[in-house]
Amino acid sequence: MMTLTEFITIKERDFQNATGNLTALLNDIVLAAKTIHRDVNRAGLMDIIGATGDENIQGEVVQKLDIHADQLLIKYLQNGGQCCGIGSEENDTFIAFDDQHKLDPHYVVLFDPLDGSSNIDVCAPIGTIFSIYKKKSPGKVELSDFLQKGTEIVAAGYVIYGSSTMLVFSTGRGVNGFTLDASIGEFCLSHPDIKTPEMNNTYSINQGGMYKYEQYIHDFVDWCSADDKTSKRPYSLRYIGSMVADFHRNLLKGGIFIYPAMKESPQGKLRILYECIPMAFLQEQAGGIATDGEQRILEKEVTDLHQRTPIIIGSKNWSKN
Ligand code: P6P
């Protein structure tokens, strides 16, 4: 079984003038993920279950493990010396790293440290989502380095902490999945060159919000639920309430995930920079689609670190229905 380290080393040879900096940066994220895996699996024993009682900029109650994961990622990325700053769901503004190593780091990383955190207390799958961009500004890192369109992305991925822990990522040359073998502390290549099925009869949406959604979404859900044997309907609704888990299932088996605009929140709920763009990048690399209902997620202008967007993401032939 090929380890992640072997895989990256081999793939690194594919990159012209590969300097090894992106490899080192990915390894910093992997180190944080292994530590989060360890702590997620024993959270109930470490008194880091439950909420801090604080609210993040989203106005969401922050779970202790959220903050713990956020601080781990910041520590590993700062100490790794390849990253000059981060943007995270748990921090109101971006965090610039002083160039303590004088390595002249030129990557910025955006992440949701523990997505789906409301599932932590009930042992449902949760995940870390990340995206990597090159710093564009000439001097010290600035906000504009984080507000880049998805088409500028260098790499993106997620770690799902579920029945097993998997890292799924892409540097723009396809999508590969690695399963953590905790006995040796290595992520091993288990899902090479992931291609998402062009169609599957699974749709993921919080159907409880039906009367808040626009009519075309309401009509779509009604269409999926109709009893029509010739088109193998009703389709199956699968929705865990953890984007990483719902996305991962649909990526491997096919299906469509929708978090639409709502009357009281026309930009939906999910954040574009550290949830939707990385997932859209992976989905397109695996042969699927990702839009906001009108345009490609990857082409949307980004004007705020915590900007939200509606999202429809999954198998490409769903768009033909
Ligand atoms: P709702 C988790 O809080 C999250 O950000 C995503 O992981 C998930 O897909 C979505 O929100 C669930 O939101 O409104 O259906 O509970």
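The values are calculated or read from the model by the stated rules, or taken from the named source; none is laboratory data. Just so it is clear, the model here is predicted, and its values are computed rather than measured. Cβ atoms come from the backbone with ideal geometry, glycine included; neighbour counts cover every protein chain shown. To get the accessible areas, we keep the full protein, side chains included, count just its heavy atoms, and leave off ligands, DNA and RNA. Shrake-Rupley method; radii C 1.70, N 1.55, O 1.52, S 1.80 Å.
For the reader, a short list of remarks on this structure follows.
- Sub-6 Å Cβ pairs linking a first residue in region 202-215 that is within 10 Å of the ligand (Cβ to nearest atom) to a second residue that is assigned to a helix (DSSP H, G or I), at least 6 apart or interchain, are Ser204/Asp246, ordered by first then second residue.
- Any chance Ser144 is of a type in the set (S, T, N, Q), within 16 Å of the ligand (Cβ to nearest atom) and open to solvent by 30 Å² or more (accessible area, probe 1.4 Å): no
- For region 239-285, a residue qualifies if it is more than 14 Å from the ligand (Cβ to nearest atom), within 15 Å of the chain's Cα centre (by Cα) and more than 21 Å from Tyr161 (Cα to Cα), and the qualifying residues are Glu284, Gln285.
- Residue list for region 95-115, filter: modelled with pLDDT under 90 and either surrounded by 14 or more Cβ atoms within 10 Å (Cβ to Cβ) or within 21 Å of Val40 (Cα to Cα) (or both): Leu103, Pro105, His106
- In region 234-250, the residues that are among the basic types (Lys, Arg) reach residues that are more than 7 Å from the ligand (Cβ to nearest atom) and open to solvent by less than 10 Å² (accessible area, probe 1.4 Å) with C-beta atoms within less than 6 angstrom, at least six apart or across chains, in these pairs: Arg238/Ser204.
- Strands (runs of 3 or more DSSP E) contained entirely in region 255-321, each with at least 2 residues that are open to solvent by less than 10 Å² (accessible area, probe 1.4 Å) and touching a residue at least 12 places away in the same chain (Cβ under 8 Å): 256-259, 311-314
- Count - residues of region 116-136 that are open to solvent by 10 Å² or more (accessible area, probe 1.4 Å) and within 12 Å of the ligand (Cβ to nearest atom): 7
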